[in-house]
1. Give me log10 I(q)/I(0) at q = 0.25 Å⁻¹ for the range 237-326, Debye formula, one equal scatterer per alpha-carbon, no solvent.
2. What length, rounded to one decimal in nm, is gained on full extension from Lys79 through to Gln165, with 0.36 nm per residue of separation minus their alpha-carbon distance?
3. What translational diffusion coefficient, in µm²/s and rounded to a whole number, does the Stokes-Einstein relation yield for the range 102-226 at 10 °C and a viscosity of 1.306 mPa s, taking the hydrodynamic radius as the Kirkwood radius over Cα pairs?
4. For a 19 Å ceiling on Cα separation, which of these pairs sit above it: Lys106/Lys255; Lys79/Lys255; Lys144/Lys298; Lys188/Lys234?
5. Can you list residues whose amide H is under 5 Å from Thr135's amide H, if they're 5+ apart or on another chain and H is modeled 1.01 Å from N?
6. Taking all protein chains in place and a 1.4 Å probe, what share, in percent, of the accessible surface of the range 198-335 do carbon and sulfur account for?
7. If we sort 319-326, 109-116, 123-130, 281-288 on the protection proxy, mean other Cβ atoms within 10 Å, highest first, what's the order?
8. Enter the accessible area per residue of the range 166-276 (Å², integer; probe 1.4 Å; all protein chains in place).
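The values are calculated or read from the model by the stated rules, or taken from the named source; none is laboratory data. Keep in mind that what you see is a predicted model, and the values were worked out from it rather than measured. With ideal geometry, Cβ positions are generated from the backbone for all residues, glycine too; neighbour counts draw on all protein chains shown. Note: accessible area is taken over every heavy atom of the protein model, side chains too, but ligands, DNA and RNA are not part of it. Shrake-Rupley method; radii C 1.70, N 1.55, O 1.52, S 1.80 Å.
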Amino acid sequence: MMMLEHPTLVNSCTFATTANQLCIIKDGMYINPATLYGNDTQLNECEVYKVEQNPQISAKVKPWRNVQWTEKQRDELMKMIRSYKPMMPSVSRVRILMIGPVGAGKSSFFNSINSVFMGRMTSKAMSGSAGTSLTTQFRTYTVKDGREGKPLPFVLCDTMGLEEQSGAGLDIDDISSILQGHVPDRYKFNPTTPFQPDEQKSSRPASLQEKIHCVVYVIDATKISLMSSKLEEKLAAIRRKVNTLGIPQMVLMTKVDEACPDVEEDLQNIYITSYIKTKVQEVSSRLGVPVSCVLPVKNYSQELELELNCDVLLLTAIQQMLNFADDYLDDVGPF
Ligand SMILES: Nc1nc2c(ncn2[C@@H]2O[C@H](COP(=O)(O)OP(=O)(O)OP(=O)(O)O)[C@@H](O)[C@H]2O)c(=O)[nH]1
Ligand SMILES: [Mg+2]
């Protein structure tokens, strides 16, 4: 449904009568009398309104973030990501950790990025909906630059979804172990018993390569207002932990297509509609992350083919994650 402004009175239109019926001709368009006034020829007054599109989605409105929706931009982003080298030579790939409520789109984000670089739809990570988290293992995914290509310089770490109750979903102690690089790929989460680090291994700190360099909170745009205070508290506790380790954080706001019909119709409306801006501001204040660190995206969920606008947003998000990881590596200094 289109958001409509208040109707405005039409000043310039032609009133004509055909077979004793008043009809209106505006901009060459004939308006049916039955539709207009129910064929009631006893009308004393007739006001004609023109309904205009809300100017917020008109082309003249300045977007609040600039995006080049072009193939050139997509190619440039892909090139930049391919050629990215972590600031620290001891780190070959930066590790990005995705944390978020059940069903927010964490696994889908990895699948979407993998799809962009593979040039076709992929669904390596299981995604979908279930009462509890569909992802039950800690997964560290590399993304290849095409079928025969080399692995790209980042690892996307997928986790089990957060739940509001304690003892359910991803545990904060598990997050702490992941951040410090102690949890191996394919570790099966147990919500009632946190990860027990190997005595020998945990006695020495993990290498910088194994640690997390950027944390991404994946939040469903349609559920921000519905977020319970318990879940908000859990996220605040996680944020405190991440802060103490000095790891940069950002928010990936998913499902913008479901949240806003204008965006569903055309993804290029994302930084034009005021609705998405409101959601970005809301998630920023609920999670305590600056607005500039909130990136709205649409994951691939039902498409069979890649779509340029979708790719541009997804790649922009990855580029931002790489920048943040670099900030972290820059901050920890040479080892
Ligand atoms: N329309 C739309 N659907 C999405 C988007 N992102 C994810 N989905 C759908 O949301 C559902 C959940 O996505 P997942 O990727 O499994 O979510 P998750 O965060 O990994 O969930 P858990 O592993 O269960 O915690 C799937 O049906 C996806 O297709 C999006 O941006 N837009
Ligand atoms: Mg998942």
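1. These q points yield log10 I(q)/I(0) values of -1.31.
2. Contour length minus the Cα-Cα distance gives 26.7 nm.
3. D = 101 µm²/s.
4. Long pairs (Cα-Cα over 19 Å): Lys79/Lys255; Lys144/Lys298; Lys188/Lys234.
5. Those lying under 5 Å, H to H, from Thr135 are Gly161.
6. That fraction is 48 percent.
7. Those peptides, ordered most packed to least, come out 109-116, 319-326, 281-288, 123-130.
8. Per-residue accessible area for the range 166-276 comes out at 46 Å².
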